[in-house]
Amino acid sequence: MKTITTAAVLAVLVSGASWAEGIAPSKVSFDDGLVSASLTGVPGDPVNGRDVFKNRKLGNCLACHVNADMPEESFHGEVGPEMTGVADRWEEAELRGIVANSKMMFEGTIMPAFYIEEGYARPLEDFAGQSILTAQQVEDVVAYLMTLKED
Amino acid sequence: MTRTRMLLSAACAALLATGAQADENANMVIDGTEMKIRADAPAHMENVDEIMSGWVFRSVETQALQLDDFDNPAFVFVDQAIDLWDKVDGSEGKACSSCHEDVEDFAGLRTKLPRVDDGQLVSMENLVNECRTERMGAEPWKWSGGQMTAMTALIGLQSRGMPVDVAIDGDAAPFWEKGKELYYTRVGQLDMSCSNCHEDNYGVMIRADHLSQGQINGFPTYRLKNAKLNSTHGRFKGCMKNIRAEPFKEGGDEFKALELYLASRGSGLAVETPSVRN
């Protein structure tokens with residue numbers, strides 16, 4: 001954990017960014033679809049993660065997943081499984097892997113990989129070379145998913 | 001009811017459209033004629049048994065707008081095309097009606113397009129613009145512009161109710177293969193193919209949208225969302241942008257090939273032009 005934190009701090013210093021930029025998408029190491037280490041070393045913020053989940057310009061996870069924790073939202077998609085109790089079914093490292101690149105866990109899935117910056121064809125210019133979410137947004141949404149327990 | 005009032009009521013329907021449930025078992029009868037909106041999938045489709053019009057997946061309110069030509073807002077534009085038909089344009093001093101006696105003579109044409117002419121894949125827009133540039137000495141219309149979509153709606157309407165029947169063999173085969181490849185290729189930052197949504201997930205909600213099979217038998221289609229007629233290629237472009245993919249060019253080889261492939265996935269469905277969607 002210590003080394004990761006140091007690396008994250010270094011990344012901030014090097015890039016001059018105002019918040020932890022985290023490990024580069026291509027450097028994330030997957031082990032059977034799992035990502036054990038935090039991408040930033042900064043604990044995820046579940047409140048922000050909740051926004052990432054529903055925000056159409058960020059995760060837009062709600063486009064495909066029913067989420068009982070968001071009754072205030074009128075439209076929940078049903079392409080993927082419901083999110084209720086997702087933290088009972090998966091460990092944090094598994095959830096991080098699923099959000100960062102679900103194709104590592106679910107071969108051929110429709111679910112986008114949220115933390116890759118290459119390997120997709122014909123991106124619109126504004127999005128070329130970028131991941132859908134930042135490393136910290138991935139951590140935030142994972143922290144949020146960890147709160148979705150049934151009991 | 002005046003046309004203006006009609007458009008207003010359509011705008012109200014737009015607000016309601018997403019909230020109301022679809023009636024997936026409804027049948028479409030227009031002017032006393034039953035339209036074929038479900039059919040056995042053509043043999044070349046390996047993963048789908050039954051093909052269905054996009055109308056099936058729309059809300060009851062949106063469905064209703066297409067059942068009566070007076071309620072169907074697309075007919076405002078069909079009326080404009082009837083005027084365009086007689087309008088002289090270009091250096092030759094001709095109108096469409098100077099050479100084509102009656103637009104009804106185009107009955108059946110929509111069912112066969114796109115098709116291969118002299119080794120080239122041509123869509124209806126190409127045929128119309130060929131007359132404008134080669135025979136009238138007029139400027140071509142923009143592929144998805146208002147005059148073009150109005151005219152392709154008027155011409156397509158002459159085939160309404162007839163089954164889609166495009167050729168995919170012979171010299172059409174290489175174009176069809178190319179279209180098929182595009183249909184199954186993932187693109188964009190979201191890295192999805194047309195098939196991910198319209199083949200693997202039709203019938204389910206993707207946020208506020210009820211996913212259809214992405215059929216094109218109703219094009220050009222009037223959308224409540226933008227209150228105008230939308231071309232087939234314009235729709236492809238929209239879907240590509242939604243997955244953050246750089247769209248192909250409207251009227252370009254890729255979209256024409258995709259159009260042929262999609263038309264073939266709707267073989268047997270009735271031409272519904274001009275359809276109404278949200």
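The values are calculated or read from the model by the stated rules, or taken from the named source; none is laboratory data. All figures in this text were calculated on a predicted structure; none of them were measured in a lab. For neighbour counting, all protein chains shown are included, and Cβ atoms are generated from backbone atoms with ideal geometry for every residue, glycine included. What goes into the accessible areas is simple: the full protein's heavy atoms, side chains included, and nothing from ligands, DNA or RNA. Shrake-Rupley method; radii C 1.70, N 1.55, O 1.52, S 1.80 Å.
Odds and ends about this structure:
- Using C-alpha pairs below 8 Å separated by at least 6 residues, the relative contact order for region B:3-277 is 26 percent.
- A Gaussian network model of chain A, with springs between Cα atoms under 10 Å, assigns the largest mean-square fluctuation among A:Leu124, A:Leu39, A:Leu133 to A:Leu124.
- Gap separating the Cα centres of region A:36-86 and region B:205-278, nearest whole Å: 29 Å
- Using the Cβ-Cβ distance between B:Lys142 and A:Glu82 with R0 set to 51 Å, the FRET efficiency works out to roughly 0.70.
- Per residue accessible area of region B:227-269, 1.4 Å probe, in Å²: 33 Å²
- Mean separation of Cα contacts under 8 Å, 6 or more apart, over the residue count of chain A: relative contact order %: 31 percent
- Note on region A:111-151 and region B:178-200: Cα centroid distance 20 Å, given to the nearest whole angstrom.
- Each residue was assigned an accessible area with a 1.4 Å probe, and for B:Lys87 the value is about 110 Å².
- Cα-Cα separations in region A:2-145 greater than 18 Å, expressed as whole percent: 56 percent
- Averaged over the residues of A:76-83, the number of partner chain Cβ atoms lying within 10 Å of the residue Cβ comes to 4.
- Between B:Glu254 and A:Phe106, the simple label model (points 7 Å from Cα in the Cβ direction) yields a spacing of 2.7 nm.
- Principal-axis tilt of helix A:2-15 within chain A, Cα atoms, nearest 10 degrees: 70 degrees
- Rolling a 1.4 Å probe over the protein heavy atoms gives region A:2-145 an accessible area of 51 Å² per residue.
- Taking a ≥ b ≥ c as the square roots of the Cα gyration tensor eigenvalues, chain B comes out oblate, since a/c reaches at least 1.5 and a/b does not exceed b/c.
- Note that region B:191-205 has calculated 3J(HN,Hα) couplings of 6, 10, 10, 3, 5, 4, 8, 8, 10, 7, 10, 5, x, 10, 7 Hz, one per residue in order, obtained from phi through the Karplus relation 6.51 cos²θ - 1.76 cosθ + 1.60 (θ = phi - 60°); glycine and proline are x.
- Fraction of accessible area attributable to carbon and sulfur, the protein assembly as shown (%, probe 1.4 Å): 52 percent
- By the rule of a C-alpha distance below 14 Å, with chain neighbours fewer than 8 residues away ignored, the aspartates and glutamates paired with B:Lys180 are B:Glu46, B:Asp169, B:Glu199, B:Asp253, B:Glu254, B:Glu259.
- Dipole of region A:2-145, positive direction: furthest Cα of A:Gly41, A:Ala93, A:Asn67, with charges on the beta-carbon: A:Gly41
- Of A:Met105, A:Met70, A:Met83, the one that fluctuates the most in a GNM where chain A has Cα springs shorter than 10 Å: A:Met70
- Spherically averaged projected area in nm², based on the convex hull that wraps the Cα atoms of the protein assembly as shown: 24.6 nm²
- Put simply, the amide H of B:Val187, placed in the peptide plane, has neighbours under 5 Å in B:Met192, B:Ser193, leaving out anything fewer than 5 places away on its chain.
- Shape summary of region B:162-227, radius of gyration then Dmax from alpha carbon positions: 14.6, 42 Å.
- Length gained when the stretch B:Glu246-B:Asn25 is fully extended (0.36 nm per residue, less Cα-Cα span): 75.9 nm
- From the alpha carbon centroid of region B:86-156 to that of region B:17-78 is 26 Å.
- Remark: region B:183-278 projects, on average over all directions, an area of 6.0 nm² (convex hull of Cα atoms).
- Buried between A and B is an accessible area of approximately 2300 Å², summed over both sides with a 1.4 Å probe.
- Chain B: most fluctuating residue of B:Ser59, B:Ser123, B:Ser97 per GNM, C-alpha cutoff 10 Å: B:Ser97
- Two-site label geometry, A:Arg89 and B:Glu50: point separation in nm, points 7 Å out along Cα→Cβ: 2.8 nm
- Student exercise, region B:191-261 dipole from Lys, Arg, Asp, Glu Cβ charges, in Debye to nearest 20: 440 debye
- Between the residues B:Met205, B:Thr232, B:Ser264, the greatest Cα displacement towards the positive end of the dipole of the protein assembly as shown, with unit charges on the Cβ of Lys, Arg, Asp and Glu, is found for B:Thr232.
- Within region B:29-110, the chymotrypsin sites (Phe, Trp or Tyr not before Pro) that combine a DSSP coil assignment with at most 15 other C-beta atoms in a 10 angstrom radius are B:Phe70.
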